[in-house]
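Below: the structure, in structure tokens.
The values are calculated or read from the model by the stated rules, or taken from the named source; none is laboratory data. Being a predicted model, the structure only gives us computed values, none of them experimental. Counting neighbours? That spans all protein chains shown, and the Cβs are built from the backbone with ideal geometry, glycine included.
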Amino acid sequence: MDVREALLEAAIKIYGEAGMRGATTRRIAKAANVNEVTLFRHFRRKSDLMEAAIVHVTSQTVGGPLPEHPIDPRAELVAWCRAHHRELHKRRALIRKAMSEFEQDPSCCARGMHASVRIAQELRDYLSRVKAAGLAAGAWDEGAATNMLMGAIFTDAMGRDTTPERYPYTMRRAIELYVDLLLRAIGADGAVGLPAKAEL
């Protein structure tokens, strides 16, 4: 890892722990194992560093893209959702901090939400392809279906450690349950051979 990347990763880590005010350049430099002079050689201001750090973390891919031509929606969605869930769970402290500081710094939170918008569009486009391929029956809205599945994944990733009693199933099993519910809701369960009842 080069110095710039180390600074970006350190900035994200410290921001997730202490928020914007607590993420001082001294603390970030120490976490990156460099001195502040080195930090300021790469970034003129703290705000430049923090903006670059947020862009860096949100530009990281969540996993492979959803297929252009859906064949097995259950397998494809489970794999994609697991990758998305892992990334959310890994970055949960950062996400919580950004959301809690929205009123003080809306632009910082908005920059972080770009990844969420991009991921939602990927899922929505995929569900449109599932519908066009005749793998889901009935009239349903791709936007609502996208929000339902992403909402379940986000809530699980953010709340599993704070309200564990809500999650009697493993993270791995949770994704299967959420995907199965979505597929039944859009009439795609017959196309993928889902079991009659999802097991906990």
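Applying the criterion of being more than 14 Å from the chain's Cα centre (by Cα) and hydroxyl-bearing (Ser, Thr, Tyr) to the residues of segment 27-67, the residue that is modelled with the lowest pLDDT is SER47.
The residues of segment 68-114 that are at pLDDT 85 or above, farther than 17 Å from MET150 by Cβ and hydrophobic (A, V, I, L, M, F, W, C), listed by number, are ILE71, ALA75. From the list ASP156, ASP141, the lone residue that is of a type in the set (D, E, K, R) and without any contact (Cβ under 8 Å) to a residue 60 or more places away in the chain is ASP141. So, PRO106, is that one more than 14 Å from the chain's Cα centre (by Cα), touching a residue at least 12 places away in the same chain (Cβ under 8 Å) and not assigned by TED's automatic domain parsing to the domain that holds ALA29 or not? No.
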